[in-house]
Amino acid sequence: MRTKLPPYTSLIERIWHYAFRIICGLIFLFLIFPILVIVPLSFNAVPFFTFTPEMLSFDPEGYSLRWYEDFWTSVNWRGAVNNSFIIAVFSTLIATALGTVAALGLSRRNVPYRTTLMAILISPMIVPLIISACGMFFFYSRVNLQGTHLGVILAHAALGTPFVVITVTATLVGFDRSLIRAANSLGADGVTTFFKVVVPLILPGVISGALFAFITSFDEVVVILFVGSFEQRTIPWQMFSGIREHISPTILAVATLLVIFSIALLMTIELLRRRTERLRGVRA
Amino acid sequence: MQGAVLRHLAFESRKLFHQTQTSMPDTAIDSAQPITTADGIPLKRALARALRRDKMKSLALVSPLFIFIALTFLMPIGDMLWRGIEDPIVSSFLPRTVAELKEWDELSGELPQESVYAALVADVKEGADTKLITRVGKRLNYELPGMNSLFRKSQRRIPRLEEGGPYKDAVIKLDKKWANVETWQIIKTFSPTLTAGYFWAALDLQVTPAGDVELLPDKNRIYLNLFWRTLLLSGFITLMTLILGYPIAYLLATLPLKTSNVLLMLVLLPFWTSLLVRTTSWIALLQRQGVINDFLVWINLIDDENRLSMIHNATGTVVAMTHILLPFMILPLYSVMKTIPKSYMRAAVSLGAHPFRAFFKVYAPNTVPGIGAGGILVFIISIGYYITPALVGGRSGTFISNFIAYHVSVSLNWGLAAALGIILLGLVLVLYILYDRIVGIDNMKLG
Amino acid sequence: MKKSIIKQTLITASAVCFAAGTFAVAQAQELVVVSWGGAYSKSQQLAYHEPFMAENPGITIINDDSASEGVAKLRAQAEVGNVTWSLLDAIAADAITLCDEGLIEEFDFNTVFSPAPDGTPATEDFGDLIVSPCHIPNIVYSTTWGYRTDLVKTAPTQIADAFDLAKIPGKRSLEQKPINNLEWALLADGVAADDIYDVLDTPEGVARAFAVLDTIKEETVWWTRGAQPPQLLADGEVVMASGYNGRLFSAIEEEGQPIAMMWDWQVFDIDGWVLPVGAPHREETLALLRFATDTQRLADQAKYISYGPARMSSAPLVGKHAVLGIDMAPHMPTDPNNAKTTLLFNFEWWADNQDDLNEQFNSWLAQ
């Protein structure tokens, strides 16, 4: 809308120009509205999923915090929050450690079978979740991991590693290997070089990979339904069974909190991305 | 991936990524005279050794993750494959019967000989303590109704038979089904330890005692329809995301970077929002007493009696999944469109083409790789979708994945679940190979 | 230098595994009791678990709401011999299956469970409700019908009304499985209750039942979890729904929803406890079982939810709702006013035919 139209444009083009923007506006509305609409609905004073007349007339009576209170006081939800963080943190640690090391290996110059290795390592991202979940249910049942925290953590770590491998490899692409040689020639030993030179440069990639792994676990709902049981219930698990069984606006309150959480994550990742680009000198 | 984690960062890293792949070291060292190192080893060999060491080092770094993925991910997939073809139940619980049945001609129309009945009695007696013999009934009941009760009844009654036989008439007296040739045919058909039966069932086929494969009767057909519906709805969802995503990607690519970066946030926010949150909000919007129906009633477009049914059917699945997958279409399209120089359009227009004509003749063909990338990506993700169809799909909006879940946790027919899963996996892999041909697998990265 | 990274990684990884492992072990002092969730689990919690924990301070009972996938998950646990559930709540048909497969324990009722207060042995007190030596009956529940009083013009009074779009227009909800629905369809079509399974034994009879279901297929929302029908009714998504009588009772009496019951041809079923073979803390669990199945406890549960207690001796003790103070007896499925026409579905017949009919039903749904 800020771009000025050249003076020679015809009327039809002008109309189209604005019509196009209106269409785009509507599509953006389609993208954003469903996410924003749950925020006011979560402050509903009655157990319905829609705007009451009181809400529409901005009567304070129409709004309440009861669903947030319900969330806060419920044992089930609190357990879910705890589990979500425990599982996400541990699986992120495993995924980040293994993924970063593997990415360092994959980015070296002579990796045999590189394409095959890469395809295998990112396969957890390619295979549809229902199939991974099903296979893990069968296999983890055999080895005693079904319905345990360890099983869920391992499963989530497997799902998270491709993201770490990819982001760290991407960071290493712009990595100037002469820096290592420079450090070595200046007398730094391997460990010092690694921590003083390599780590600071790949850190943004590692962190954003870790964030991906975290969010993968934190959001994951298919695998947990199969590999986990009630004791491993996470927030998505609880939301899924909530939607299936007793759908109350408490779910909307949780959803609102999750939207805020995802905005925070989005900001973090965006800042990291800018930093990586600055460090790599690929400034747009 | 379905948990909503794709990033345009990946698309930007694409070119850089390709560079490393192609920048293989120059190992071709030719020289007529062998050059040696200081300690007299030919340089070629010394280099080769160094290279090998280097390779081992790289592999050593990759191996922990490789082992981890193999144990936690590849083995489960292998296990599923195995469960789709293994069928040990009949042969392990009725070993003697299976051995005796080898002699019997299942097409003769005659009942098996006395020794088969004697073997059956021996097998059932042995398995009676652990009660596991009922699993045979459960397994065969998938193929022939009535087997379940036959084996449960036999498990209780056969051990009480008098020792010494003859058993044939005695067993038949316990349950008339033992006098059906069909019962024995089923036992013989499913006595091998490996079976293709689950795969046939997953494709609505059955094997006749004569060994022919034929389509199931119409009233028992499910999966062909379901696969077809999954593909059809996924195709429709892909088309919807393309129609909605194309203008947005175009707008983002043509606006100044500063503005487009802000608008890009509006695409990324839904993308980063939990899948369940988005599904929940569509439930709130679409249900009969939901926001959209309320609004339509309020503006008198529809009356209170005739609220629209937009959920628990295919409409619900399509709307919610289009919303959820839209960013997966916009991001690849945008990354392709960004690389199309604006001068192309200007040149076409200045050469006299009408702007619309210029768009369709010059700009649009350049976006085809983006359409291919986004389209296949959305399609692949969509055919394996489970959560959204399960929650808003109802009867007409469920996908094949919902039946996989159903067979794992409700009907307990794990072999069939595995077979359906393998077929779906095969479908996805074929699409990925296609994707790799069109855009290169490195390009999709965080999809 | 890389070696040190690997070492570091391995140390971290093993530390992580260890931490995760101890986390799982830390919960080992607790009895995991698996039930159906929602209002039902709550009534068990109040009637059985809380008083039991008060008497036995060393024991904590954890509620797991996954009974709807109980058979699948118990099988998965049994396959590796790692049963983590102490007690599972199961319907009679599932209990028969599990018992046949040797996955749950058999009981000698008279020695394990307490007699009625007047000394009647447990077997007689539970009477006909004992359908398997592995299943300790807990309640009698029924699958019946609820409808929105404000959304129907004429109230449904008989099962045929559920299939009559002219009389009751609008969406209805049925459970997404053939059991009950085929029986109701035939009853609505005029088949006598005693003949149902004879009719269903023929392909023509099955086709007849599906033909009746066909008439409402387009107007039906299918439910899979017990909590859905009251929710669908409360949201106005449907005007009429089949559902468990206790859940409907909660929606009507406790939440004050404009819903009423239609009891015609309600289907009785029995729900009860089963003890997995190899369950952890077997002794404590047996103590809980004995406690939770005595005459008084069973009557207590009826204070919280309108399901009939499984012991005959409990019936006279059923009193008023714990919170609302209303008389519970008229809300019980077994109350003579409600139980004029009742159906007990044929376990044996369904055990044989459900694989085939599920297939036909799913095929029918998909068309």
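The values are calculated or read from the model by the stated rules, or taken from the named source; none is laboratory data. For clarity, every value in this text was computed on a predicted model and none was experimentally measured. In this analysis, Cβ positions are derived from the backbone assuming ideal geometry, glycine residues included, and neighbour counts consider all displayed protein chains.
Descriptive notes on the structure:
- Some residue of segment C:298-319 being more than 14 Å from chain B (Cβ to nearest Cβ), within 29 Å of C:GLU101 (Cβ to Cβ), in a helix (DSSP H, G or I) and under 17 Å from the mean Cα position of the chain (by Cα): yes
- Any chance C:LYS167 is buried (at least 17 other Cβ atoms within 10 Å of the Cβ) and basic (Lys, Arg): no
- Counting only strands (runs of 3 or more DSSP E) that sit wholly inside segment C:23-124, those with at least 2 residues that are in contact (Cβ under 8 Å) with a residue 12 or more places away in the chain and away from chain A (no Cβ under 13 Å) are C:87-91.
- Residues satisfying the stated conditions in segment B:249-267, i.e. in contact (Cβ under 8 Å) with a residue 60 or more places away in the chain and surrounded by 18 or more Cβ atoms within 10 Å (Cβ to Cβ): B:ALA249, B:TYR250, B:LEU252, B:ALA253, B:LEU264, B:VAL267
- The set of residues in segment B:83-105 that are surrounded by 17 or more Cβ atoms within 10 Å (Cβ to Cβ) and within 14 Å of chain A (Cβ to nearest Cβ) comprises B:ARG83, B:GLY84, B:ILE85.
- Count of segment A:209-239 residues, restricted to those that are more than 15 Å from C:ASP64 (Cα to Cα) and within 7 Å of another protein chain (Cβ to nearest Cβ), is 9.
- Here the condition is being of a type in the set (Phe, Trp, Tyr) and within 8 Å of another protein chain (Cβ to nearest Cβ); of A:PHE20, A:PHE43, it holds for A:PHE20 alone.
- Unique residue being within 24 Å of B:VAL430 (Cβ to Cβ), surrounded by fewer than 24 Cβ atoms within 10 Å (Cβ to Cβ) and more than 17 Å from the chain's Cα centre (by Cα) when the list is A:SER178, A:SER123: A:SER123
- Within the set B:ILE371, B:ILE376, B:ILE380, the sole residue that is facing another protein chain (nearest Cβ under 9 Å) and under 28 Å from the mean Cα position of the chain (by Cα) turns out to be B:ILE380.
- Any chance A:SER185 is more than 7 Å from every other protein chain (Cβ to nearest Cβ) and either surrounded by fewer than 23 Cβ atoms within 10 Å (Cβ to Cβ) or farther than 24 Å from B:ILE381 by Cα (or both): yes
- Taking segment C:320-356 as the range and being touching a residue at least 60 places away in the same chain (Cβ under 8 Å), more than 8 Å from chain B (Cβ to nearest Cβ) and among the aliphatic types (A, V, I, L, M) as the test, the residues that pass are C:ALA322, C:VAL323, C:LEU324, C:ILE326, C:ALA339, C:LEU343, C:LEU344.
- Failed condition for C:GLN296, given (1) surrounded by fewer than 18 Cβ atoms within 10 Å (Cβ to Cβ); (2) in contact with a helix residue (DSSP H, G or I) (Cβ under 9 Å, 6 or more places away or on another chain); (3) under 22 Å from C:ALA92 (Cα atoms): (3)
- Number of positions in segment B:397-442 that are among the polar types (S, T, N, Q), under 15 Å from B:TYR142 (Cβ atoms) and in contact (Cβ under 8 Å) with a residue 24 or more places away in the chain: 1
- Verdict on B:TYR385 being buried (at least 18 other Cβ atoms within 10 Å of the Cβ) and assigned to a helix (DSSP H, G or I): no
- Screening B:TYR435 on (1) surrounded by fewer than 24 Cβ atoms within 10 Å (Cβ to Cβ); (2) over 18 Å from A:PHE138 (Cα atoms); (3) of a type in the set (Ser, Thr, Tyr); (4) modelled with pLDDT of 90 or more shows it passes everything except condition (4).
- Annotation note: of A:LEU150, A:LEU117, A:LEU154, the sole residue that is part of a helix (DSSP H, G or I), over 17 Å from the mean Cα position of the chain (by Cα) and over 30 Å from B:LEU431 (Cβ atoms) is A:LEU150.
- Taken as a whole, the condition of being at pLDDT 95 or above, part of a helix (DSSP H, G or I) and more than 20 Å from the chain's Cα centre (by Cα) does not apply to A:ILE94.
- Single residue of A:PHE90, A:PHE163 found to be among the aromatic types (Phe, Trp, Tyr) and facing chain B (nearest Cβ under 7 Å): A:PHE163
- The set of residues from segment B:303-337 being of a type in the set (Ser, Thr, Tyr) and modelled with pLDDT of 90 or more comprises B:THR315, B:THR317, B:THR322, B:TYR334.
- Residue list for segment B:117-146, restricted to those being facing chain C (nearest Cβ under 10 Å) and among the hydroxyl-bearing types (Ser, Thr, Tyr): B:THR130, B:THR134, B:TYR142
- Answer residue from segment A:126-148, given it is aliphatic (A, V, I, L, M) and at the interface with chain B (Cβ under 7 Å from one of its Cβ atoms) and is surrounded by the fewest Cβ atoms within 10 Å (Cβ to Cβ) among those: A:ILE126
- Tallying residues that are facing another protein chain (nearest Cβ under 10 Å), assigned to a helix (DSSP H, G or I) and more than 20 Å from A:PHE90 (Cβ to Cβ) within segment A:166-179 yields 6.
- Listing of helices (runs of 4 or more DSSP H) fully contained in segment B:220-336 that carry 2 or more residues being in contact with a Leu (Cβ under 9 Å, 6 or more places away or on another chain) and more than 9 Å from every other protein chain (Cβ to nearest Cβ): B:223-254, B:257-272, B:291-298
- Condition met for B:SER108 (surrounded by fewer than 18 Cβ atoms within 10 Å (Cβ to Cβ), within 37 Å of the chain's Cα centre (by Cα), over 18 Å from B:VAL171 (Cα atoms) and among the small types (Gly, Ala, Ser)): no
- Any chance B:PRO159 is touching a helix residue (DSSP H, G or I) at 6+ places or on another chain (Cβ under 7 Å), in a loop (DSSP other than H, G, I, E, B), more than 14 Å from chain A (Cβ to nearest Cβ) and in contact (Cβ under 8 Å) with a residue 24 or more places away in the chain: no
- Looking only at residues of segment A:93-110 that are of a type in the set (S, T, N, Q) and within 9 Å of another protein chain (Cβ to nearest Cβ), we find that the one that is farthest from A:VAL152 (Cα to Cα) is A:ASN110.
- Here the condition is being part of a helix (DSSP H, G or I) and more than 10 Å from chain A (Cβ to nearest Cβ); of B:GLY394, B:GLY352, B:GLY415, it holds for B:GLY415 alone.
- Check on C:THR157, touching a residue at least 12 places away in the same chain (Cβ under 8 Å), outside any strand (DSSP E or B), on the phi < 0 side of the Ramachandran plot and not acidic (Asp, Glu): yes
- Between C:ALA287, C:ALA241, the distinction of being part of a helix (DSSP H, G or I) and touching a residue at least 12 places away in the same chain (Cβ under 8 Å) belongs to C:ALA287 only.
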